[in-house]
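Notes to accompany the following structure.
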Amino acid sequence: MPSHRLVPVTERPCAASRGLDARPVAGILRLMSREDARAVQAVRRALPRVAGAVRLLVRVLGRGGRCLFA
């Protein structure tokens, strides 16, 4: 198995979800809600960097540049 340092965090197993199939529905829903909240917090922390990238992209496109996705 590859080192966790080489695997993007979005592709790593979530330790909190171990034994998910044996949990009651309410427990699964609480876990889903908690993990969703973590994602929202991560997006909130990244907003300044995302805004900077969008401003740069607007400048580049405004000057006739292109945006390529790989």
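The values are calculated or read from the model by the stated rules, or taken from the named source; none is laboratory data. Given the structure is predicted, the values throughout are model-derived calculations rather than measurements. In this analysis, Cβ positions are derived from the backbone assuming ideal geometry, glycine residues included, and neighbour counts consider all displayed protein chains. Accessible surface is based on the protein model in full, side chains and every heavy atom, while ligands, DNA and RNA are left aside. Shrake-Rupley method; radii C 1.70, N 1.55, O 1.52, S 1.80 Å.
Hey, any idea what % of the chain's accessible area is carbon plus sulfur with a 1.4 Å probe?
Heavy-atom surface of the chain belonging to carbon and sulfur, 1.4 Å probe: 63 percent.
Please report, in debye to the nearest 20, how large the charge dipole of the chain is about its Cα centre when each Lys and Arg carries +1 at its beta carbon and each Asp and Glu carries -1 there.
Charge dipole of the chain: 420 debye, to the nearest 20.
Would you work out which of 37, 20, 60 lies farthest towards the positive end of the dipole of the chain? Charges go on Cβ: Lys and Arg +1, Asp and Glu -1.
60
Helix 25-62: angle to the longest alpha-carbon principal axis of the chain, degrees 0 to 90, nearest 10?
In the chain, helix 25-62 runs at an angle near 10 degrees to the longest axis.
Placing one identical point scatterer on every Cα of the chain and ignoring solvent, what is log10 I(q)/I(0) from the Debye formula at q = 0.16, 0.18 Å⁻¹?
These q points yield log10 I(q)/I(0) values of -0.82, -0.89.
How many Å² of accessible area per residue for the chain, probe 1.4 Å?
Result: 92 Å² of accessible area for each residue.
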